[in-house]
1. If B:Ser34 satisfies every condition in (1) in contact with a helix residue (DSSP H, G or I) (Cβ under 7 Å, 6 or more places away or on another chain); (2) at pLDDT 95 or above but one, which is the exception?
2. What is the residue count in segment B:227-281 for residues that are of a type in the set (S, T, N, Q) and under 19 Å from B:Val99 (Cα atoms)?
3. Only one of (1) open to solvent by 90 Å² or more (accessible area, probe 1.4 Å); (2) assigned by TED's automatic domain parsing to the domain that holds B:Glu37; (3) aromatic (Phe, Trp, Tyr) is not met by B:Phe322, so which one is it?
4. Please specify each residue of segment A:43-63 satisfying the condition of being more than 19 Å from A:Gly16 (Cα to Cα) and either in contact with a strand residue (DSSP E or B) (Cβ under 6 Å, 6 or more places away or on another chain) or more than 11 Å from every other protein chain (Cβ to nearest Cβ) (or both).
5. Given the criterion of a type in the set (Asp, Glu) and surrounded by 17 or more Cβ atoms within 10 Å (Cβ to Cβ), identify the matching residue among B:Glu37, B:Glu74.
6. If I go through segment B:149-170 residue by residue, how many of them are surrounded by 19 or more Cβ atoms within 10 Å (Cβ to Cβ), within 12 Å of chain A (Cβ to nearest Cβ) and among the acidic types (Asp, Glu)?
7. Do any helices (runs of 4 or more DSSP H) entirely within segment B:1-84 hold 3 or more residues that are in contact (Cβ under 8 Å) with a residue 12 or more places away in the chain and touching an Asp or Glu at 6+ places or on another chain (Cβ under 7 Å), and if so, which?
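The values are calculated or read from the model by the stated rules, or taken from the named source; none is laboratory data. The model shown is predicted, which means the values in this text are computed figures rather than measured ones. For neighbour counting, all protein chains shown are included, and Cβ atoms are generated from backbone atoms with ideal geometry for every residue, glycine included. Protein only, heavy atoms only, side chains kept; ligands, DNA and RNA dropped before computing areas. Shrake-Rupley method; radii C 1.70, N 1.55, O 1.52, S 1.80 Å.
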Amino acid sequence: MSALESLPMAKALNAGLRKAMQDDPKVILMGEDIGPLGGVFRVTEGLQADFGENRVMDTPLAESGIVGTAIGLAMRGYRPVCEIQFDGFVFPAFDQITSQLAKLTNRHEGGISMPVVIRIPYGGHIGAVEHHQESPEAYFAHTPGLRVVSPSTPHDAYWMIQDAISSDDPVIFLEPKSRYWPKGEVDFAVRGRTLHSTAVARVGTEVTLLGHGAMVAVLLQAADLAAEEGTSVEVLDLRSLSPIDYGPILESVRKTGRLVIAQEAPGAVSVGSEIAATVAERAFYSLESPVLRVSGFDTPFPPAKLETIYLPDADRVLEAVDRALAY
Amino acid sequence: MSYTEATLQLLSPAGALVESDATAEYLPIVEKLSDDELREFHRVMALTRAFDVEGTNLQRQGQIGIWVPSLGQEAAQVGSGFAMRPQDHIFPSYREHAVGIIRGIDVIDIVRLFRGLTHGGWTPSEHGNFHIYTMVLGSQTLHATGYAMGITLDGKAGTGHPETDEAVITYFGDGSTSQGDVNEALVFAASYQTPELFFLQNNQWAISVPVSKQSRTPLYLRAGGFGIPSVQVDGNDVLISYAASRKYLEEARAGGGPRFIEALTYRMGAHTSSDDPTKYRTDAETAHWAALDPISRFETYLRSRGEGDDFFAEVRTEAADFAEDIRRRTLELGVPPVGAMFDNVYSEPHPLIEEEKQWLAQYEAAYASPEASE
């Protein structure tokens, strides 16, 4: 019996949620349309049928209400997993997430934990209308008290969702929606990395590329193209945006001397900005060139027909690689 | 917005028991109260007022950063507070000092909060399930609703055993009723039929904005739009506050779903010590409400039942001692250790926080000892 299976991230998440619910009766799912419909991306498909309406709750259409009541349920001893339907719809819940969820353990001086997971399908590449393609990670990574993670592969999605649920802290779980459907191998027997660790997705020697979520696939594609031109590129999958596991990043930069960070989010005051500053502080003498960022532009996410221009692609990443190598 | 024909009242402003058809079902609830229990109502109202006066004095003397008085709202809080059972959970806003006293918190913890020593102050599970204060208006109503959803999931309401079945009460004010969170809490409570009492203290003013700016309808009528039974009571009448809360909490506890009470009262003091109510309300209005004072009204009632001077003198002495004790202990409060800022940001270890805590410790040590900085 093999523990390996090839399946898309949406199904891997479904399997991870199912496993977490089987392992702990206090795990409950809450969200809009997650019951009979299985969520607009079908991530919770079949779970209400198997676990019942008390554990897979179709909520009223009110995001602040979802997160606010999840907080109360966590106080009661439950481990709620909230689904926010799309990235742009998280903002009605922003106050409950940043002013309440993130701070309640601190406000109680450690007297209570807040084991709440907020799942957010995020990012572009799906040609949708406004508010459906955004990358809001910086807001949450900037907020003390929250943990922020984002898987890039079905295997990581399966394990990271379970790790996020078993964490006693609130976790913002960003699901790259453009990666919901490509298949990848999931090892159901071997966990692999811990939740908050940076992974080496491809080994190389001349330039380090760093990204998370859907951007990792773009970076791997860029690395392939660079290899054709004879450039050896290392690709890191950030996985955890708060806390950031700097060990593998610094190790890679000390080897290559060059770092290009790619992200779909606007570049100003972004997670990439933070990493660039920290690498400059801690690996200054290893750098052969400035740390470069390839980001979404500092505009609202554009109408869908322009998204391929807005979103960093392999060509824009390679342009930055060339600039880094030119120093 | 003063009393209307719909406002339920058991005790007139003159302190006489009022009998009417509207309150016929509430009177028996009050008649079950013993003399000791009625004396306790008075005692806690008096202690709370003494606490408020002392808190205001301490703020004026620079010993507390800001004070949030409950002055004038004692009856609404004491009536509802005593209507709860030990197993119930309370989600207050930030002005429910009397309820906290009833549930056994040490009021010095409220002082610690407003003196800038903590964001919380007490552990709810060890203090009568009285949750810590919430400063963002209305946020706590959603936490209360979620908690009550958990009670339902646990099968701890509606079993027919009121001695063990649980319920939740959440406090909020007239200003909070305009917040989205309060409205979402009412939606969720109705959807999941939570064992929960929404207790609105309408103290007429949201800092400087009168309730007439918040609502074109009496606030208790809004609950009907959510499918939640509601009633409006005279919040300066401790007896109807108790009876209505008791009735509604028991109905919610029995599985009847959420309930809503609007208690009409008045914020006799400022919103906080930073406020100046003379800029926006009239002496005539304050005088009108002063004549409806909850404590003197109840004292008149107790005297009419035969309570003598001795009891009231005893309570006055206890309240004075209580205030003196708060003053003494406030002046003795220290400052939390600097490192505490980093503790409990997370439940599990977090490298960035640990790094910053260590850095600060080294930085401070360097300045504490000249040798270390060389």
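1. Result: B:Ser34 fails condition (1) only.
2. Looking only at segment B:227-281, we keep the residues that are of a type in the set (S, T, N, Q), and these are B:230, B:232, B:236, B:241, B:245, B:265, B:272-274, B:278.
Add one more test, that the residue is under 19 Å from B:Val99 (Cα atoms), and what stays is B:236, B:241, B:245, B:265, B:272.
Adding up the residues that qualify gives 5.
3. Status for B:Phe322: all satisfied but (1).
4. Within segment A:43-63, just A:Thr59 meets the criteria.
5. Details: B:Glu37 fails: surrounded by 17 or more Cβ atoms within 10 Å (Cβ to Cβ).
The conditions single out B:Glu74.
6. Going through segment B:149-170 one residue at a time, the tally reaches 1.
7. Details: elements: B:27-31, B:35-60, B:74-83.
Helices (runs of 4 or more DSSP H) meeting the threshold: B:35-60.
Residues are listed down the side, and each one gets a yes or a no for (1) at pLDDT below 95; (2) part of a helix (DSSP H, G or I); (3) more than 9 Å from chain B (Cβ to nearest Cβ):
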| residue | (1), (2), (3) |
| --- | --- |
| A:Gly65 | no, yes, no |
| A:Thr69 | no, yes, no |
| A:Gly77 | no, no, no |
| A:Cys82 | no, no, yes |
| A:Ala93 | no, yes, yes |
| A:Pro115 | no, no, no |
| A:Ile118 | no, no, yes |
